[in-house]
Structure formats: C-alpha cells, structure tokens
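Please read the structure below before turning to the comments.
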C-alpha cells in the first residue's frame, strides 16, 4: 500500500525516495539564498511535505515567523494553496512582504509547470514578473513507482535580464531534473545552468557546486555525522 511520506525532513524524504540528495540539496541551497520555491503536482500532500522539509532545513532565524513576514530576512510562506480560483493579489501581497534575500515558498494546485504558470497569470503577474519566481518542483504518484510519490520534474524560471544595450532578454524555463521511471533515478540537468544559478545566489560557480555537493552528501548520509535532520 502506498503512503504519504511522514518524515518531513529533507534527509527523510530522500530516504523515502521522494527525490534524490542532489535535487534536494539544490533546492535547499537556492531557497536559503533567497530564491523562491513553488511545489505543485497531483500529489498535493507530498508537495506540501517537500515544502515543510525545505523550510525546516533553513536556519531558525530564517523560517517564517508569526506576524513578521519578511522581517529580518525571514522566509515568506504563502498561507493558502494557490489555485486557479484563488483571489488575484494573494501572491503579489506575499511577494511584497519579502525582503532582498528572504525568499518565498508556495504550494500550487497544478499538475505541471504549464499549470503553475497559468495560476501565476491568474494572480495577475506578468510573464516578466513570474520569471523571478525561481524553482518549480512537481510531485506525483506514479504506477511505475508502485504508487509511491516521486518528484517527477523540477524547473527553474530564468529571470528576465537586460543585455549590454539595456534591452530585455527573456529565456524559457530550464529543466533542473527529471525522474527516469525505468531506473527509478533522477537525471540532473542543473549543470547546464550552473553559472546562472550561482550568480542568482551571489556565489562563485565553484563555491556553489562545492556547497551543493556538501549538502547532498549530508542528506545522503555520506558525510561525517550522517544525514541531517
């Protein structure tokens, strides 16, 4: 019988194979550096568990605080699941509460990236504004995994940039990782935009990759001291 992951730590979700240590470490590092993370998919419970684990992995002074959204760099968590019927302005209000590096997490009732983008549009965000909303992670229950939940894809909304002449340059979302059912493993594509991710985090590319690997080792239990809570 399939079951929703009950251990809501990143290491626990890696152990239950909701996703792998590399993708978990990437999402953890990006969120900690202020990049928003949106979780979606047909398995809402697993998407919510994923957000809980990411929030719990942040330093205590960065986690959302009651009555102090965005204060002192605290993460802002959208209080309700965003759906096509959610009142316009809810997400914009949450974004308005963020500070420069506080970041944001939200649960989106959508089956895939296209559905997430449609919800963002219904929140009256322009395509250019939506491009800054960082990571979209999609979780589903798949027959190929015996009905167990898996993160089936992760995407990065590449933000609008200006070229040397001051002209806007828009880029399509990039794929960070996909789940390969036959091998029950995740294919990592984040290396293709590694320098962009490092720049978003205000880190050097080499430092970014080294920190991601360090966190992946921690989550997989390969580092001294074992997996982190």
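The numbers here are math on the coordinates, done by the rules we state, and not lab data. Treat the numbers as computed from the prediction; the structure is a model and nothing was measured. Here Cβ is always computed from backbone atoms with ideal geometry, including for glycine, and neighbour counts include all displayed protein chains.
If you rank 222, 155 by fewest surrounding Cβ atoms within 10 Å, what's the result?
222, 155
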(request) Compute the whole-percent fraction of alpha carbon pairs in the stretch 73-205 spaced more than 24 Å apart. (result) 37 percent
(request) Using DSSP, restrict attention to beta bridges with both residues in the chain and report what percent are antiparallel, rounded to the nearest 5. (result) 65 percent
(message) Just checking my list [x] 66, 34, 32; [y] 48, 41, 37; [z] 43, 41, 33 against Cα extents along the principal axes in Å computed from this structure; which label fits?
(response) [y]
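Is the stretch 33-130 best put as rounded, prolate or oblate by its Cα gyration tensor, with a ≥ b ≥ c the root eigenvalues, rounded for a/c under 1.5, and otherwise prolate when a/b is larger than b/c, oblate when not?
Oblate, because a/c is 1.5 or more while a/b does not exceed b/c.
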(request) Please report how far the C-alpha centroid of the stretch 106-129 lies from that of the stretch 183-214, rounded to the nearest whole angstrom. (result) 24 Å
